[in-house]
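Written below as structure tokens is the structure these notes are about.
What follows is calculated from the coordinates using simple rules that are stated; it is not laboratory data. On a predicted model such as this, the values are computed, not experimentally measured, just so you know. All Cβ positions, glycine included, derive from the backbone under ideal geometry; neighbour counts span all protein chains shown.
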Amino acid sequence: GLGEHRAKAERMFSLMDGFLKNDPISLQKDILHHVEYTVARSRFSFDDFEAYQALAHTVRDRLIERWHDTHIYFKRTKPKRLYFLSLEFLMGRSLSNSVINLGIEDQCAEALNQLGFEFEVVAEQEGDAALGNGGLARLSACQMDSLATLDYPAWGYGLRYEYGLFRQIIVDGFQHEKPDYWLNFGNPWEIERIHVTYEVKFYGTVEEVEMNGEKQKVWIPGETVEAVAYDNPIPGYGTRNTINLRLWAAKPSSKFDLEAYNTGDYINSVVNRQNAETISNVLYPDDRSHQGKELRLKQQYFFVSASLQDIMRRFKEEHTNFDELPEKVALHLNDTHPSLSIAEVMRMLVDEEHLGWHKAWDIVCKIFSFTTHTMVTDGEKIPVELLENLLPRHLEILYEINFNFLEEMKKRIGLDYSRLALLSIVEEGAMKSIRMANLAIVCSHTVNGVSKLHLEKLKTKTFKDFYGLYPEKFQCKTNGVSQRRWIVVSNPGLRDLISKWLGTEAWIRDADLLSGLRDHLDNADFHLEWKMVKKVNKMRLAEYIEAMSGVKVSLDAMFDVQVKRIHEYKRQLLNIFGIIHRYNCLKNMDKDSRRKVVPRVCIIGGKAAPGYEIAKKIIKLCHAVAEKINNDTDIGDLLKVVFIPDYNVSVAELVIPGADLSQHLSTAGNEASGTGNMKFLMNGCLLLATADGSTVEIIEEIGEDNLFVFGAKVHEVEKRRQKRLSNLAPLQPAKVPLHFARVLRMVRDGYFGHNDYFKSLCETVEFGFGNDYYLLTSDFGSYLEAQAAADKAFVNQDKWTRMSILSVAGSGRFSSDRTIQDYAESTWKISPCRCPL
Ligand code: CJB
């Protein structure tokens, strides 16, 4: 039984005791010690939050111990290291995850219990670390978990934003943004390294000097800011390895504005010092568009400069010859955001180490790899004007990289200037700018897409010209998520059930073992337990919904969830239109037919970028529709609509396990991968989705009978867009399906109020206006069919449960462990380096 496996796992983990012991008594002693000496409360009187703080510090001590051992071991064995550079990490909470990865969950629970506390309640006290926007940032977090678990000698580098992603408050159905004061109550999961600091320079001029008879460029910077390291230990599961996520914070440099001090302008110089800190102050909340903001550029360079100084220092401690760099260092660019690294490494090697341009370039091209996360062509650009002022030497270097690249291209493809213009790293035109993606592609040895479909689009559209030149660079590493976070932490009931029926917990390190669940597909007891687990999770979610929104929902209803950032391409609007259509159908039904209807709770959640008007209107529409439907006594439990505010990692941990059905509605060809779909899959929630991004591979894995696929396929989307445009004039309302037209009219005519406000939203799908770029009109029919198929399947609970089991059984491929192993072997060329017990 389960007890046995747990006991075996615990024996394995107890071998990992260090100086600090992990039995309940020792843990309890340490908790009380921290209550008194860290939290400074009396051991006879402390509350849940203080218990959380004390436990967190107790766990932190153990993390530090392992983290130390791991780094000493890496130092001794000098493996090739991976440096994962990302401006965003969505770590969420750390307590449960750490306790599970350390293998001390039961011991901690027992220690707390005897003190009169409950682990679950204590864990709820923790706030989220939300230093990222959405999928890209959460992917980084899952990948860190996998890197640690698989014993890879890796470091994560990022920024320690004082304010993470904004908190979403809903007032009258409108989104408001409030700052995320996540550090206000201290952060036990980080270690401040006051002695690990670097100077980061900005502005100034470039001068040419003579050095050993040669002309050499020197950058004379104008401003200096200090970067201070904050280390966040990342424990692996079932290993002693605990790797580091090093986040930088900006502090005023002691050298800052000495001049002003000396001239006696004391007050002003102190006030000016505050400016330095603004660099790492706040995360930019619009994912996927960071164009032309100086502060954002400053953040990027601050991050890049501090990280690379740290990396080079470590390299130089162990090696003397830069020829060894490619054998010892892999630098990974998580999207284009850290691409300035390329120019910075060149500057370090050429200006500071005097390696000579060609030698430096040769080395640089061997150390970088790049993953792009988007389907759009028009990527990140930095205006030359900004660079010229902020980083003058880097601009020169970028020009030189581009000059050499274009010279090489002329030799390869001839003087085809229109092609050369497309390849160029520098974009000419009204606003001259640096194309970060082109830079990253030219310099990286590998360019990764995040799903097969994404890679295909990169090759044939987005980076077609580059693919022609460097076919071998382009690879696919389909995304994955960590089963530790998305099953073990968030769904303990399912974890126990899986372990019991597989007879092992080994799937927590080897997700492919989940396929073994298929052996029990027809077992009635297994079915019964499976349904119980879902029921309990639905209860948890229902309580949360009632607490957040006051809406009481029936557990017999199908819990239908769409949670993700709000974007037009993700088509939350299609979901809302579907809900309105469902409402219309219910209103027109007689009593008899109504009895056969599957009740639904439609749950939507997600944040809109503060400046994204249409996305904000979608949120308001969702609330307006909910208000109407939820208050219609004629409808009752047959249909409820709920908007979950402030969707974040910890809300996801609650919502995903409680979902029966989840929606992934992006117009095919727009979602590079999607990772939410994988989390729902792992939690036995059925998918209703377009054949986009990684969903295509989910279909491959579980078969199209086990989810509800709808909508235009990628190759059909272009044709339909063309067709749609040819319908433009004269307007042809007859081409719009009747149901769609009716729903649209209701919104437009004010059935849900606020018709003026919703006008521009409606126009996005209307001909002659937004022209329905994302094809809601043409996908609506097949969307409703897929919804009907889901209703039908839900009636047959046996069939539904089978589909649910097959979803989990087929989710192994979507573990980030698989992704990371693939990256390690084929892109980074790093090997596991397991710290001995
Ligand atoms: N992604 O979250 C973001 N932000 C961006 O700026 C660009 C892309 C997402 O990255 C995820 C991880 O690769 C993908 O699964 C998702 O499709 C993509 O939108």
Return the inverse of the average 1/r over all pairs of distinct C-alpha atoms in segment 15-137, which is the Kirkwood hydrodynamic radius, in Å to one decimal.
15.9
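Give me S726, S269 sorted ascending by neighbouring Cβ count inside 10 Å, so fewest comes first.
On the way: S726 9, S269 18.
Ordered from fewest to most neighbouring Cβ atoms within 10 Å, S726, S269 come out as S726, S269.
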As straight-line cross-link partners of K792, the qualifying lysines (C-alpha separation under 17 Å, not fewer than 8 residues apart within one chain) are K596
Checking the cross-link filter: which lysines have an alpha carbon closer than 20 Å to that of K21, excluding same-chain neighbours under 8 positions apart?
K8, K29
Between segment 708-727 and segment 476-537, what is the C-alpha centre distance in whole Å?
37
Distance from the Cα centre of segment 770-831 to that of segment 321-349, in angstrom?
36
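Over 25 Å between Cα atoms, which of K587/K719; K570/K679; K461/K829 qualify? Write down the numbers at each step before the final one.
Working: K587/K719 36 Å; K570/K679 17 Å; K461/K829 29 Å.
Result: K587/K719; K461/K829 exceed 25 Å.
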Alpha-carbon centroids, segment 95-134 and segment 632-670: separation in whole Å
26
Could you work out the relative contact order of the chain, using alpha carbon pairs under 8 angstrom and six or more residues apart, expressed as a whole percent?
14
Decide, for segment 392-523, between rounded, prolate and oblate: order the square roots of the alpha carbon gyration tensor eigenvalues as a ≥ b ≥ c, take rounded if a/c falls under 1.5, and otherwise choose prolate if a/b is larger than b/c, else oblate.
prolate
Would you order S815, S515, S98 from fewest to most other beta-carbon atoms within 10 Å of each residue's own beta-carbon?
S515, S98, S815
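Determine the alpha carbon to alpha carbon distance for each of K293/K366; K178/K293; K78/K452 and list only those over 28 Å. Before the final figure, lay out the partial values.
Working: K293/K366 31 Å; K178/K293 21 Å; K78/K452 35 Å.
Long pairs (Cα-Cα over 28 Å): K293/K366; K78/K452.
Any idea what the relative contact order of segment 556-796 is, in percent, if you count C-alpha pairs under 8 Å spaced at least 6 apart? Walk me through the numbers on the way to the answer.
Working: 355 pairs, mean separation 51.5, N = 241.
21 percent.
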From the Cα gyration tensor of segment 434-585, with a ≥ b ≥ c the square roots of its eigenvalues, which class applies: rounded if a/c is under 1.5, or else prolate if a/b is larger than b/c, or else oblate?
oblate
Its Cα gyration tensor gives segment 556-654 an equivalent ellipsoid whose semi-axes in whole Å, largest first, are 26, 15, 10
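Please state the equivalent ellipsoid semi-axes for the chain: what are the square roots of 5 times the Cα gyration tensor eigenvalues, largest first, in whole Å? Can you show the working numbers first?
Numbers: eigenvalues 371, 258, 136 Å².
Over the Cα atoms of the chain, the ellipsoid semi-axes are 43, 36, 26 Å.
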As an exercise, use a Förster radius of 22 Å and the Cβ-Cβ distance of S760 and L738 to find the FRET efficiency, rounded to the nearest 0.05.
0.35
How do V206, V489 line up, fewest other C-beta atoms within 10 Å first?
V206, V489
Just list whichever of K359/K411; K628/K799; K381/K616 have alpha carbons separated by over 32 Å in the model shown.
K628/K799
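Would you please calculate the Kirkwood hydrodynamic radius of segment 556-796 over all C-alpha pairs and express it in Å, rounded to one decimal? Mind showing how you got there, number by number?
Numbers: mean 1/r = 0.0547 Å⁻¹.
Answer for segment 556-796: a Kirkwood hydrodynamic radius of 18.3 Å.
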Given Cβ charges of +1 for Lys and Arg and -1 for Asp and Glu, the option among V625, H581, F769 whose Cα lies farthest towards the positive end of the dipole of segment 556-796 is F769
Using all C-alpha to C-alpha distances in segment 282-372, build P(r) with 5 Å bins and read off the rounded percent in each one.
3, 12, 23, 25, 16, 10, 7, 4, 0
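Can you give the helix-only mean residue ellipticity at 222 nm for the chain, where every DSSP H stretch with n ≥ 4 adds -39500 (n - 2.57) and the sum goes over all residues, rounded to the nearest 500 deg cm²/dmol? Don't skip to the end; give the middle numbers.
Working: 33 runs with 387 residues, N = 837.
Calculated at 222 nm, the ellipticity per residue is -14500 deg cm²/dmol.
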